[in-house]
Amino acid sequence: MGVQLNSGSAAGHESLESMSLEPLMTRDYERDPAIVYERLRRAHGPVAPVDLLGVPVWLVLGYEEAYEVLRGEHAWPTGLAQWRVRRDGRRPEDWPPAPSLDVNHVLIQGGEGYRGLKVAWDTALRPFQDPRHPVAKQLKAKITRDADELISLFTQGGRTGWADLSAQFSRPLPLMVASHLLGFPGSQHDDALMDMWRVLDAGPDAGPALERLLATLSELGASKMKEPGDDFPSYLLASHPGLSVEELSRELMMLLGMTSDHVGILISNTVVEVITGNLPASASLSAGLIRETMNRVVMQKPPLINFVPRFPLKDMRLGDYTIAAGDPVWVSVGAAHADPAFAGKVCPESTLSTRAHLSWGAGPRQCPARELAGGAAAIGVSRLFERLSGLELSLPVDQLPWRSSPFMRGLRSLPVRYTVSGTPALPVPSVPPLPAGAGSAPADESA
(Lines give C-alpha, C1' and ligand atoms only; values in the text may rest on other atoms or scores of the structure.)
Protein backbone atom coordinates (compact mmCIF):
# COMPACT_ATOMS: atom_id res chain seq x y z
CA MET A 1 0.00 0.00 0.00
CA GLY A 2 1.13 3.59 -0.55
CA VAL A 3 2.48 5.37 2.50
CA GLN A 4 2.83 9.14 2.55
CA LEU A 5 6.27 10.27 3.68
CA ASN A 6 7.15 13.57 5.23
CA SER A 7 9.63 15.82 3.46
CA GLY A 8 12.60 14.44 5.33
CA SER A 9 11.84 10.72 5.35
CA ALA A 10 12.45 10.26 1.63
CA ALA A 11 15.84 11.92 1.67
CA GLY A 12 18.56 9.72 0.24
CA HIS A 13 16.36 7.51 -1.94
CA GLU A 14 17.52 6.95 -5.49
CA SER A 15 15.82 9.29 -7.93
CA LEU A 16 13.92 7.88 -10.89
CA GLU A 17 16.11 9.75 -13.36
CA SER A 18 19.31 8.21 -11.97
CA MET A 19 18.15 4.58 -12.07
CA SER A 20 19.04 1.94 -14.63
CA LEU A 21 15.88 1.63 -16.72
CA GLU A 22 14.64 -1.14 -19.01
CA PRO A 23 12.94 0.15 -22.17
CA LEU A 24 9.23 -0.70 -22.17
CA MET A 25 8.42 -0.39 -25.88
CA THR A 26 10.42 -3.28 -27.33
CA ARG A 27 9.69 -6.06 -29.81
CA ASP A 28 8.97 -8.34 -26.85
CA TYR A 29 6.36 -5.85 -25.64
CA GLU A 30 4.73 -5.54 -29.04
CA ARG A 31 4.55 -9.32 -29.45
CA ASP A 32 3.46 -10.16 -25.88
CA PRO A 33 3.42 -7.53 -23.10
CA ALA A 34 3.02 -10.28 -20.49
CA ILE A 35 6.63 -11.34 -21.10
CA VAL A 36 7.86 -7.85 -20.25
CA TYR A 37 5.53 -7.42 -17.28
CA GLU A 38 6.63 -10.65 -15.65
CA ARG A 39 10.31 -9.86 -16.20
CA LEU A 40 9.81 -6.48 -14.54
CA ARG A 41 7.77 -8.04 -11.72
CA ARG A 42 10.54 -10.51 -10.93
CA ALA A 43 13.16 -7.77 -10.90
CA HIS A 44 11.27 -5.02 -9.08
CA GLY A 45 8.07 -6.29 -7.49
CA PRO A 46 4.73 -4.52 -8.01
CA VAL A 47 6.22 -1.20 -9.18
CA ALA A 48 9.07 -0.89 -11.70
CA PRO A 49 11.12 1.98 -13.13
CA VAL A 50 11.07 1.87 -16.94
CA ASP A 51 12.06 3.97 -19.93
CA LEU A 52 8.97 4.98 -21.89
CA LEU A 53 10.26 6.10 -25.28
CA GLY A 54 13.04 8.17 -23.74
CA VAL A 55 11.31 9.36 -20.54
CA PRO A 56 11.70 7.62 -17.14
CA VAL A 57 8.39 6.61 -15.54
CA TRP A 58 7.13 4.31 -12.80
CA LEU A 59 5.04 1.41 -14.12
CA VAL A 60 2.54 -0.08 -11.66
CA LEU A 61 2.35 -3.85 -12.12
CA GLY A 62 0.53 -4.98 -8.97
CA TYR A 63 -3.27 -5.10 -8.78
CA GLU A 64 -3.52 -3.77 -5.22
CA GLU A 65 -1.12 -0.92 -5.99
CA ALA A 66 -2.92 -0.12 -9.25
CA TYR A 67 -6.28 -0.02 -7.46
CA GLU A 68 -4.88 2.30 -4.81
CA VAL A 69 -3.45 4.76 -7.33
CA LEU A 70 -6.59 4.80 -9.50
CA ARG A 71 -8.88 5.42 -6.52
CA GLY A 72 -6.53 7.85 -4.79
CA GLU A 73 -7.61 10.98 -6.58
CA HIS A 74 -6.20 13.29 -3.89
CA ALA A 75 -2.89 11.52 -3.20
CA TRP A 76 -2.31 10.46 -6.83
CA PRO A 77 -3.96 13.13 -9.01
CA THR A 78 -3.92 13.49 -12.75
CA GLY A 79 -3.07 16.85 -14.28
CA LEU A 80 0.21 17.47 -16.10
CA ALA A 81 0.86 20.56 -14.01
CA GLN A 82 2.09 18.18 -11.29
CA TRP A 83 4.72 16.56 -13.52
CA ARG A 84 8.06 17.87 -12.25
CA VAL A 85 10.11 17.08 -15.37
CA ARG A 86 7.56 18.75 -17.63
CA ARG A 87 7.20 21.73 -15.30
CA ASP A 88 10.99 22.20 -15.31
CA GLY A 89 11.13 22.06 -19.11
CA ARG A 90 13.13 18.80 -19.19
CA ARG A 91 10.65 16.65 -21.09
CA PRO A 92 11.84 16.10 -24.68
CA GLU A 93 9.86 18.27 -27.07
CA ASP A 94 9.50 15.40 -29.53
CA TRP A 95 8.40 12.79 -26.97
CA PRO A 96 5.95 10.56 -28.93
CA PRO A 97 3.20 10.19 -26.26
CA ALA A 98 3.09 13.97 -25.68
CA PRO A 99 0.28 14.66 -28.19
CA SER A 100 -2.03 12.24 -26.35
CA LEU A 101 -1.27 13.68 -22.92
CA ASP A 102 -1.13 17.39 -23.67
CA VAL A 103 -4.80 17.57 -24.66
CA ASN A 104 -6.46 18.58 -21.40
CA HIS A 105 -9.75 16.65 -21.61
CA VAL A 106 -11.91 15.18 -18.86
CA LEU A 107 -9.73 12.13 -18.14
CA ILE A 108 -6.54 14.16 -17.83
CA GLN A 109 -7.70 17.48 -16.48
CA GLY A 110 -6.92 18.38 -12.88
CA GLY A 111 -7.89 21.39 -10.81
CA GLU A 112 -11.17 22.99 -9.84
CA GLY A 113 -12.78 22.81 -13.27
CA TYR A 114 -12.82 19.03 -13.35
CA ARG A 115 -15.95 18.40 -11.28
CA GLY A 116 -18.19 20.65 -13.36
CA LEU A 117 -16.88 19.08 -16.56
CA LYS A 118 -17.39 15.54 -15.24
CA VAL A 119 -21.00 16.34 -14.24
CA ALA A 120 -21.60 17.76 -17.73
CA TRP A 121 -20.19 14.60 -19.32
CA ASP A 122 -22.42 12.35 -17.24
CA THR A 123 -25.44 14.45 -18.11
CA ALA A 124 -24.66 14.59 -21.83
CA LEU A 125 -24.03 10.84 -22.04
CA ARG A 126 -27.17 9.84 -20.13
CA PRO A 127 -29.50 9.78 -23.18
CA PHE A 128 -27.10 7.40 -24.97
CA GLN A 129 -26.43 5.12 -21.97
CA ASP A 130 -29.96 4.76 -20.58
CA PRO A 131 -31.52 1.86 -22.55
CA ARG A 132 -35.01 3.24 -21.91
CA HIS A 133 -34.24 6.59 -23.53
CA PRO A 134 -35.42 7.19 -27.13
CA VAL A 135 -31.92 8.38 -28.10
CA ALA A 136 -30.37 5.13 -26.84
CA LYS A 137 -32.98 3.06 -28.69
CA GLN A 138 -32.28 4.92 -31.91
CA LEU A 139 -28.54 4.48 -31.50
CA LYS A 140 -28.89 0.73 -30.86
CA ALA A 141 -31.00 0.33 -34.00
CA LYS A 142 -28.44 2.26 -36.06
CA ILE A 143 -25.49 0.22 -34.76
CA THR A 144 -27.33 -3.05 -35.45
CA ARG A 145 -28.12 -1.94 -38.97
CA ASP A 146 -24.51 -0.78 -39.54
CA ALA A 147 -23.12 -4.10 -38.27
CA ASP A 148 -25.39 -6.11 -40.56
CA GLU A 149 -24.53 -3.95 -43.57
CA LEU A 150 -20.80 -4.43 -42.98
CA ILE A 151 -21.19 -8.21 -42.64
CA SER A 152 -23.32 -8.38 -45.78
CA LEU A 153 -20.70 -6.35 -47.63
CA PHE A 154 -17.70 -8.56 -46.88
CA THR A 155 -19.67 -11.82 -47.31
CA GLN A 156 -21.26 -10.92 -50.64
CA GLY A 157 -18.80 -13.13 -52.53
CA GLY A 158 -20.35 -16.36 -51.26
CA ARG A 159 -21.21 -18.51 -48.29
CA THR A 160 -17.55 -19.09 -47.43
CA GLY A 161 -14.61 -16.77 -47.77
CA TRP A 162 -11.81 -14.78 -46.24
CA ALA A 163 -11.96 -11.38 -44.56
CA ASP A 164 -9.84 -9.01 -42.53
CA LEU A 165 -12.25 -8.46 -39.66
CA SER A 166 -10.23 -5.53 -38.41
CA ALA A 167 -10.28 -3.57 -41.66
CA GLN A 168 -13.75 -4.69 -42.75
CA PHE A 169 -15.66 -4.73 -39.50
CA SER A 170 -14.14 -3.91 -36.11
CA ARG A 171 -12.63 -0.62 -37.28
CA PRO A 172 -15.40 0.74 -39.54
CA LEU A 173 -18.25 -0.16 -37.16
CA PRO A 174 -17.00 2.03 -34.28
CA LEU A 175 -16.27 4.74 -36.83
CA MET A 176 -19.95 4.66 -37.72
CA VAL A 177 -20.87 4.75 -34.03
CA ALA A 178 -18.65 7.78 -33.50
CA SER A 179 -20.24 9.46 -36.50
CA HIS A 180 -23.72 8.96 -34.99
CA LEU A 181 -22.60 10.24 -31.58
CA LEU A 182 -20.71 13.27 -32.81
CA GLY A 183 -23.10 14.20 -35.59
CA PHE A 184 -20.37 14.33 -38.24
CA PRO A 185 -21.48 15.69 -41.60
CA GLY A 186 -20.32 13.86 -44.73
CA SER A 187 -17.18 11.71 -44.47
CA GLN A 188 -15.11 13.92 -42.15
CA HIS A 189 -15.09 11.13 -39.61
CA ASP A 190 -12.95 8.86 -41.83
CA ASP A 191 -9.85 11.02 -41.60
CA ALA A 192 -10.57 11.96 -37.98
CA LEU A 193 -10.52 8.36 -36.83
CA MET A 194 -7.31 7.60 -38.72
CA ASP A 195 -5.68 10.55 -36.99
CA MET A 196 -7.03 9.36 -33.64
CA TRP A 197 -5.23 6.02 -34.15
CA ARG A 198 -2.01 7.84 -35.07
CA VAL A 199 -2.15 9.90 -31.89
CA LEU A 200 -2.75 6.89 -29.63
CA ASP A 201 -0.04 4.84 -31.34
CA ALA A 202 2.44 7.62 -30.41
CA GLY A 203 4.37 7.28 -33.64
CA PRO A 204 6.44 9.94 -35.41
CA ASP A 205 3.35 11.43 -37.07
CA ALA A 206 1.35 11.79 -33.82
CA GLY A 207 1.94 15.54 -33.58
CA PRO A 208 0.67 16.49 -37.06
CA ALA A 209 -2.20 14.02 -36.64
CA LEU A 210 -3.26 15.75 -33.43
CA GLU A 211 -3.27 19.15 -35.13
CA ARG A 212 -5.48 17.87 -37.95
CA LEU A 213 -7.78 16.05 -35.55
CA LEU A 214 -8.36 19.03 -33.27
CA ALA A 215 -8.91 21.29 -36.28
CA THR A 216 -11.60 18.90 -37.60
CA LEU A 217 -13.24 18.62 -34.18
CA SER A 218 -13.13 22.39 -33.68
CA GLU A 219 -14.93 22.84 -36.98
CA LEU A 220 -17.52 20.29 -35.90
CA GLY A 221 -17.91 21.96 -32.48
CA ALA A 222 -18.39 25.39 -34.03
CA SER A 223 -21.15 24.03 -36.26
CA LYS A 224 -22.94 22.50 -33.23
CA MET A 225 -22.81 25.83 -31.42
CA LYS A 226 -24.69 27.37 -34.33
CA GLU A 227 -27.06 24.47 -35.04
CA PRO A 228 -27.46 22.01 -32.13
CA GLY A 229 -28.71 18.51 -32.87
CA ASP A 230 -29.44 15.23 -31.12
CA ASP A 231 -25.78 14.40 -30.63
CA PHE A 232 -23.15 14.39 -27.92
CA PRO A 233 -21.49 17.75 -28.76
CA SER A 234 -24.85 19.52 -28.56
CA TYR A 235 -25.78 17.80 -25.27
CA LEU A 236 -22.40 18.63 -23.75
CA LEU A 237 -22.75 22.28 -24.75
CA ALA A 238 -26.23 22.36 -23.23
CA SER A 239 -24.82 20.92 -19.98
CA HIS A 240 -21.72 23.12 -19.95
CA PRO A 241 -22.56 26.29 -21.93
CA GLY A 242 -19.26 27.98 -21.04
CA LEU A 243 -17.14 25.63 -23.15
CA SER A 244 -15.14 27.32 -25.88
CA VAL A 245 -14.71 25.74 -29.30
CA GLU A 246 -11.17 24.72 -28.35
CA GLU A 247 -12.30 23.16 -25.06
CA LEU A 248 -15.14 21.33 -26.77
CA SER A 249 -12.77 19.88 -29.38
CA ARG A 250 -10.64 18.33 -26.60
CA GLU A 251 -13.65 16.59 -25.09
CA LEU A 252 -14.79 15.31 -28.48
CA MET A 253 -11.31 13.88 -29.01
CA MET A 254 -11.63 11.90 -25.78
CA LEU A 255 -15.05 10.52 -26.78
CA LEU A 256 -13.78 9.64 -30.24
CA GLY A 257 -10.86 7.70 -28.78
CA MET A 258 -12.94 5.75 -26.28
CA THR A 259 -15.89 4.94 -28.55
CA SER A 260 -13.93 4.21 -31.71
CA ASP A 261 -10.51 2.80 -30.97
CA HIS A 262 -11.54 1.14 -27.70
CA VAL A 263 -14.69 -0.42 -29.17
CA GLY A 264 -12.89 -1.70 -32.26
CA ILE A 265 -10.14 -3.34 -30.23
CA LEU A 266 -12.67 -4.89 -27.84
CA ILE A 267 -14.53 -6.49 -30.76
CA SER A 268 -11.36 -7.90 -32.34
CA ASN A 269 -9.89 -9.13 -29.05
CA THR A 270 -13.16 -10.87 -28.21
CA VAL A 271 -13.24 -12.64 -31.57
CA VAL A 272 -9.63 -13.81 -31.14
CA GLU A 273 -10.22 -15.13 -27.61
CA VAL A 274 -13.39 -17.00 -28.54
CA ILE A 275 -12.05 -18.71 -31.67
CA THR A 276 -8.64 -19.60 -30.21
CA GLY A 277 -9.84 -21.56 -27.22
CA ASN A 278 -10.73 -19.25 -24.34
CA LEU A 279 -13.22 -21.76 -22.94
CA PRO A 280 -14.94 -19.52 -20.36
CA ALA A 281 -15.44 -16.79 -22.98
CA SER A 282 -16.77 -19.35 -25.50
CA ALA A 283 -19.13 -20.80 -22.90
CA SER A 284 -20.49 -17.37 -22.07
CA LEU A 285 -21.03 -16.65 -25.76
CA SER A 286 -22.82 -19.98 -26.27
CA ALA A 287 -25.13 -19.08 -23.39
CA GLY A 288 -25.95 -15.77 -25.07
CA LEU A 289 -24.15 -13.74 -22.40
CA ILE A 290 -22.36 -11.30 -24.70
CA ARG A 291 -21.42 -8.77 -22.05
CA GLU A 292 -20.13 -11.60 -19.86
CA THR A 293 -18.02 -12.84 -22.77
CA MET A 294 -16.43 -9.43 -23.18
CA ASN A 295 -15.96 -9.10 -19.44
CA ARG A 296 -13.86 -12.26 -19.48
CA VAL A 297 -11.87 -11.00 -22.46
CA VAL A 298 -10.93 -7.66 -20.90
CA MET A 299 -9.51 -9.57 -17.96
CA GLN A 300 -6.85 -11.05 -20.25
CA LYS A 301 -6.62 -8.56 -23.12
CA PRO A 302 -7.78 -5.09 -22.03
CA PRO A 303 -7.88 -2.66 -24.99
CA LEU A 304 -6.50 0.23 -22.93
CA ILE A 305 -3.44 -1.48 -21.55
CA ASN A 306 -1.78 1.47 -19.77
CA PHE A 307 -3.65 4.44 -18.29
CA VAL A 308 -2.63 8.10 -18.44
CA PRO A 309 -0.14 8.98 -15.68
CA ARG A 310 -0.78 10.10 -12.12
CA PHE A 311 1.58 12.34 -10.13
CA PRO A 312 1.90 12.09 -6.33
CA LEU A 313 1.70 15.40 -4.53
CA LYS A 314 4.18 14.23 -1.90
CA ASP A 315 6.79 11.51 -1.67
CA MET A 316 4.95 8.18 -1.39
CA ARG A 317 5.99 4.61 -0.75
CA LEU A 318 4.49 2.26 -3.36
CA GLY A 319 5.61 -1.32 -3.75
CA ASP A 320 9.32 -1.51 -2.96
CA TYR A 321 10.15 2.04 -3.99
CA THR A 322 9.73 5.60 -2.83
CA ILE A 323 7.96 7.63 -5.51
CA ALA A 324 9.05 11.25 -5.42
CA ALA A 325 6.49 14.04 -5.64
CA GLY A 326 5.85 14.88 -9.27
CA ASP A 327 7.14 11.57 -10.70
CA PRO A 328 4.95 10.11 -13.49
CA VAL A 329 3.17 6.92 -12.34
CA TRP A 330 1.62 4.79 -15.08
CA VAL A 331 -0.88 2.12 -14.09
CA SER A 332 -0.59 -0.94 -16.32
CA VAL A 333 -3.99 -2.58 -16.24
CA GLY A 334 -2.64 -5.43 -18.36
CA ALA A 335 0.00 -6.21 -15.76
CA ALA A 336 -2.39 -5.69 -12.83
CA HIS A 337 -4.84 -8.26 -14.22
CA ALA A 338 -1.97 -10.76 -14.53
CA ASP A 339 -0.74 -10.13 -10.98
CA PRO A 340 -0.78 -13.59 -9.30
CA ALA A 341 -2.21 -11.99 -6.15
CA PHE A 342 -5.29 -11.05 -8.20
CA ALA A 343 -5.42 -13.56 -11.06
CA GLY A 344 -5.03 -16.45 -8.64
CA LYS A 345 -8.31 -15.54 -6.96
CA VAL A 346 -10.34 -15.53 -10.18
CA CYS A 347 -12.27 -18.76 -10.72
CA PRO A 348 -12.42 -19.51 -14.48
CA GLU A 349 -15.21 -22.09 -14.03
CA SER A 350 -17.58 -19.63 -12.36
CA THR A 351 -20.75 -18.78 -14.27
CA LEU A 352 -20.04 -15.08 -13.80
CA SER A 353 -16.54 -13.62 -13.90
CA THR A 354 -15.31 -11.00 -11.49
CA ARG A 355 -16.27 -7.37 -12.02
CA ALA A 356 -13.17 -6.27 -10.11
CA HIS A 357 -11.17 -5.75 -13.30
CA LEU A 358 -9.70 -2.31 -13.97
CA SER A 359 -10.30 -2.09 -17.72
CA TRP A 360 -12.43 1.03 -17.40
CA GLY A 361 -10.45 2.44 -14.47
CA ALA A 362 -11.57 2.73 -10.87
CA GLY A 363 -12.73 5.45 -8.55
CA PRO A 364 -13.87 8.92 -9.63
CA ARG A 365 -11.84 8.83 -12.86
CA GLN A 366 -13.55 5.76 -14.30
CA CYS A 367 -14.30 6.14 -18.00
CA PRO A 368 -17.64 7.99 -18.23
CA ALA A 369 -18.46 6.35 -21.59
CA ARG A 370 -17.91 2.75 -20.46
CA GLU A 371 -21.57 1.65 -20.82
CA LEU A 372 -21.84 3.25 -24.23
CA ALA A 373 -18.62 1.67 -25.50
CA GLY A 374 -19.45 -1.73 -24.01
CA GLY A 375 -22.93 -1.71 -25.51
CA ALA A 376 -21.67 -0.83 -28.99
CA ALA A 377 -19.05 -3.59 -28.86
CA ALA A 378 -21.65 -6.11 -27.65
CA ILE A 379 -23.85 -5.43 -30.68
CA GLY A 380 -20.90 -5.93 -33.04
CA VAL A 381 -19.78 -9.17 -31.40
CA SER A 382 -23.29 -10.63 -31.24
CA ARG A 383 -24.04 -9.93 -34.90
CA LEU A 384 -20.72 -11.45 -36.02
CA PHE A 385 -21.28 -14.73 -34.19
CA GLU A 386 -24.96 -14.92 -35.08
CA ARG A 387 -24.39 -14.46 -38.81
CA LEU A 388 -21.06 -16.26 -39.20
CA SER A 389 -20.08 -19.79 -38.25
CA GLY A 390 -16.84 -21.70 -38.50
CA LEU A 391 -14.76 -18.59 -37.86
CA GLU A 392 -11.06 -19.42 -37.70
CA LEU A 393 -7.84 -17.46 -37.96
CA SER A 394 -5.96 -17.38 -41.25
CA LEU A 395 -2.70 -16.97 -39.33
CA PRO A 396 -1.31 -18.76 -36.28
CA VAL A 397 -2.33 -16.76 -33.23
CA ASP A 398 1.30 -15.98 -32.36
CA GLN A 399 1.76 -14.36 -35.79
CA LEU A 400 -1.09 -11.88 -35.53
CA PRO A 401 0.24 -8.34 -36.11
CA TRP A 402 -0.20 -6.13 -33.05
CA ARG A 403 -0.01 -2.36 -33.03
CA SER A 404 2.88 -0.76 -31.17
CA SER A 405 1.26 1.70 -28.75
CA PRO A 406 2.04 2.71 -25.15
CA PHE A 407 -1.71 3.05 -24.52
CA MET A 408 -3.71 0.54 -26.57
CA ARG A 409 -3.38 -3.21 -27.20
CA GLY A 410 -4.98 -3.87 -30.55
CA LEU A 411 -4.41 -5.71 -33.82
CA ARG A 412 -3.37 -4.09 -37.07
CA SER A 413 -5.30 -6.77 -38.95
CA LEU A 414 -7.40 -9.82 -38.14
CA PRO A 415 -7.46 -12.26 -41.10
CA VAL A 416 -10.11 -14.97 -40.76
CA ARG A 417 -11.90 -17.63 -42.77
CA TYR A 418 -15.65 -17.70 -42.30
CA THR A 419 -18.81 -19.52 -43.22
CA VAL A 420 -22.11 -17.66 -43.37
CA SER A 421 -24.46 -19.35 -40.91
CA GLY A 422 -27.63 -18.66 -42.82
CA THR A 423 -28.97 -16.41 -40.10
CA PRO A 424 -30.30 -13.37 -41.96
CA ALA A 425 -29.69 -9.81 -41.03
CA LEU A 426 -32.00 -8.68 -38.29
CA PRO A 427 -34.95 -6.55 -39.32
CA VAL A 428 -34.16 -3.28 -37.64
CA PRO A 429 -37.24 -1.97 -35.88
CA SER A 430 -38.28 1.45 -36.98
CA VAL A 431 -37.77 3.97 -34.24
CA PRO A 432 -40.08 6.96 -34.32
CA PRO A 433 -38.50 10.38 -34.67
CA LEU A 434 -37.40 11.90 -31.42
CA PRO A 435 -39.99 14.13 -29.82
CA ALA A 436 -38.94 17.70 -29.29
CA GLY A 437 -36.50 17.90 -26.42
CA ALA A 438 -36.03 14.11 -26.17
CA GLY A 439 -32.30 14.42 -26.30
CA SER A 440 -31.97 17.39 -24.02
CA ALA A 441 -29.95 16.74 -20.91
CA PRO A 442 -31.97 16.29 -17.73
CA ALA A 443 -31.35 18.58 -14.84
CA ASP A 444 -28.15 17.76 -12.98
CA GLU A 445 -28.87 15.32 -10.19
CA SER A 446 -25.42 15.18 -8.65
CA ALA A 447 -24.47 18.81 -8.14
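The values are calculated or read from the model by the stated rules, or taken from the named source; none is laboratory data. Worth saying up front: this structure is predicted, and the values here are computed from it rather than measured. Heads up, the Cβs are rebuilt from the backbone with ideal geometry, glycines too, and the neighbour counts pull from every protein chain shown. With ligands, DNA and RNA removed, areas are computed over all heavy atoms of the protein, side chains included. Shrake-Rupley method; radii C 1.70, N 1.55, O 1.52, S 1.80 Å.
Some notes on this structure:
- Compared with the direct C-alpha span, the chain from VAL245 to VAL119 gains 43.5 nm at full extension, assuming 0.36 nm per residue.
- Solvent exposure of the chain as accessible area per residue, Å², 1.4 Å probe: 42 Å²
- Debye equation applied to the C-alpha atoms of the chain, log10 I(q)/I(0) at 0.07, 0.10, 0.11, 0.13 Å⁻¹: -0.35, -0.73, -0.89, -1.24
- Those aspartates and glutamates that a straight Cα-Cα span of less than 17 Å connects to LYS224, excepting residues fewer than 8 apart in one chain: GLU246, GLU247, GLU251
- Projecting the Cα atoms of ALA369, PHE385, GLY410 onto the dipole axis of the range 366-413, where Lys and Arg carry +1 and Asp and Glu carry -1 at the beta carbon, places ALA369 farthest toward the positive end.
- Percent carbon-and-sulfur accessible area, the range 202-327, ignoring ligands, DNA and RNA, probe 1.4 Å: 55 percent
- Legend: calculated FRET efficiency, ALA34 to ARG132, from the Cβ-Cβ distance at R0 = 35 Å, rounded to 0.05, equals 0.30.
- Charge-dipole axis of the chain as Lys and Arg at +1 and Asp and Glu at -1 on Cβ define it, positive-most pick from LEU395, PRO233, MET316: LEU395
- In the chain, helical runs assigned H by DSSP with n ≥ 4 each contribute -39500 (n - 2.57); averaged across all residues and rounded to the nearest 500, the mean residue ellipticity at 222 nm is -13500 deg cm²/dmol.
- Taking every DSSP beta bridge that has both ends in the chain, the antiparallel portion is near 85%.
- Computed magnitude of the charge dipole of the chain (debye, nearest 20; Cβ of K, R +1, Cβ of D, E -1): 780 debye
- Extended-chain gain in nm, criterion 0.36 nm per residue less alpha-carbon gap, ARG42 and ALA343: 106.7 nm
- Mean Cα-pair separation over length for the chain, i.e. relative contact order, pairs under 8 Å, 6 or more apart, %: 28 percent
- Derived scalar couplings ³J(HN,Hα) [the range 255-263; Karplus, 6.51 cos²θ - 1.76 cosθ + 1.60; whole Hz; x for Gly, Pro]: 5, 4, x, 6, 8, 10, 5, 5, 5
- Cα-based helix-to-principal-axis angle, 113-129 vs the chain, degrees rounded to 10: 20 degrees
- Note on LYS226: lysines with a C-alpha under 28 Å away, same-chain residues under 8 apart excluded, are LYS118, LYS137, LYS140, LYS142.
- Phi angles of the range 363-373 translate, via the Karplus equation with coefficients 6.51, -1.76, 1.60 and θ = phi - 60°, into HN-Hα couplings of x, x, 9, 4, 4, x, 9, 5, 5, 5, 5 Hz per residue; Gly and Pro are given as x.
- Part-to-part distance (alpha-carbon centres) for the range 194-223 and the range 106-180, which is given in Å: 19 Å
- Positive-end residue, the chain charge dipole about Cα centroid, Cβ charges, pick of HIS13, VAL36, VAL55: VAL36
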